[in-house]
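Just below is one structure, and these are the notes that go with it.
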Amino acid sequence: MDITSQPQLPVRPIARIAAATARERLAGYPILTMTGPRQSGKTTLARMLAPELPYVTLEDPDTRAFATEDPRAFLRQVSDGAILDEVQRVPALFSYLQGVVDADRRMGRFILTGSSQFELIESITQSLAGRASMLTLLPFSQGELQAANRAVDSVNALLHTGFFPPIHDRQIKPTPWLQDYVATYLERDVRQLLNIHNLGAFQRFIQLCAGRIGQLVNISSLAADAGITRVTAESWLSVLQASHVLFLVRPWFSNLGKRLIKTPKLYFCDCGLAAWFLGVQQAQHLQALPQRGALFENWIMTELLKAQSNRGIKPSLYFLRDKQGHEVDALIQTAPDTFQAIAIKSGETIASDFFNGLNYWRTTLKQHTLVPWIIHGGTAHQNRETATVLPWSDLSPLLDALA
């Protein structure tokens, strides 16, 4: 039985920043495991990294049955290595893969991809600890699109389009693609992880999450509005995180103790997907959308997340907020006692109150060095004493500071 296939690569593939990290990991581990949302470009990157390796997808029912029923024979057919796509579909394979790589410790022999963190991390922890390196690949970053001359030219277009590779590789309209993405991938994956009888209630739950972007997570309120129990809401939120649909940003704590908010905030892994759940059909709809500022903040948070995950760094993204509402939207530690403090503002015109949160926390946390940044929806780039102000179209000075 021939289990290999050759999915077509994009005509003009966009270079991925994570490729350099992936090559380092392939040189030092027998197995590289890439996880991330469906359609984030994992298969394309894997095939570009190792074009000589045969490609096997475990989405194929016959191949999956073969791997499940006779894993030893399956792995004998790829004994020199392979790209195994959606490998979480056959969890039993990991134990047998352990024996294969222990018998032959060549580096970079297998690339595994998967879209469910729960199953992958559990299987690797149990069977492939020390043998496999994990790398999370999120959709394109703004910098990757700019380097390929494929970036959009307005904030509204950016928030509407999002960053999923097929939209940019095929240059197709985002609304129908995202609609199909939700129906084809998201709902199917969720069915595999949860026994959901009312898919409409689940989709309503995600829409409610989209309406709470950048807000403190209130599980009880979310459950009541969705008409489900708190336990169900917690379970669904957990699965959405595992499927790389949502992520939570935790507050940073210090010895200020009770003065600080300790509840996480909620964001989507792609701003275009979030906009779709909010009913945005065209870019111009965003101008009057009440959640436009929240979507802009969501996008910047994903850029900060990608800057870390593309370098193989475990995300350490936080926010600062006290019970009086003094807030810094994003806080990232870059050295002992040194933090990049980022205020995110969707307005085009720089206003004096943009600096309030940064000024307050720089004064309050004098024992730490807070390097202040403001990212806004306009075109101004200013180096002020109180903060470096960056336009939405050029995040490179901040991202360089995170490197």
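The values are calculated or read from the model by the stated rules, or taken from the named source; none is laboratory data. Computed from a predicted structure; not experimentally measured. Here the Cβ is made from the backbone with ideal geometry for all residues, glycine too, and neighbour counts use every protein chain on show.
Miscellaneous remarks
- Any chance Q39 is farther than 22 Å from G108 by Cβ and without any contact (Cβ under 8 Å) to a residue 60 or more places away in the chain: no
- Q215 meets all of the listed conditions (1) modelled with pLDDT under 90; (2) closer than 22 Å to K345 by Cβ but one, namely (1).
- Counting residues in the range 347-370 that are touching a residue at least 24 places away in the same chain (Cβ under 8 Å), under 22 Å from A151 (Cα atoms) and touching a helix residue (DSSP H, G or I) at 6+ places or on another chain (Cβ under 9 Å) gives one or more.
- Residue match in the range 268-290 (condition: under 17 Å from the mean Cα position of the chain (by Cα), in a loop (DSSP other than H, G, I, E, B) and under 30 Å from L32 (Cα atoms)): yes
- Options A341, A335; residue that is of a type in the set (A, V, I, L, M) and modelled with pLDDT under 95: A335
- Residues of the range 282-296 classified as closer than 15 Å to S154 by Cα and buried (at least 20 other Cβ atoms within 10 Å of the Cβ), total: 4
- One residue alone among P165, P174 is touching a Phe, Trp or Tyr at 6+ places or on another chain (Cβ under 7 Å), more than 16 Å from L246 (Cβ to Cβ) and in contact (Cβ under 8 Å) with a residue 60 or more places away in the chain, and that residue is P165.
- A residue that is surrounded by 14 or more Cβ atoms within 10 Å (Cβ to Cβ) and within 21 Å of the chain's Cα centre (by Cα) cannot be found anywhere in the range 347-364.
- Enumeration of residues in the range 2-24 that are among the basic types (K, R) and either at pLDDT 95 or above or more than 25 Å from the chain's Cα centre (by Cα) (or both): R16, R23
- Residue match in the range 50-60 (condition: touching a residue at least 12 places away in the same chain (Cβ under 8 Å) and within 25 Å of L145 (Cα to Cα)): yes
- Flag if I342 is over 14 Å from L320 (Cβ atoms), aliphatic (A, V, I, L, M) and in contact with a strand residue (DSSP E or B) (Cβ under 6 Å, 6 or more places away or on another chain): no
- Those residues of the range 281-304 which are over 16 Å from Q215 (Cβ atoms) and assigned by TED's automatic domain parsing to the domain that holds F247, in sequence order: Q281, Q282, A283, Q284, H285, L286, Q287, A288
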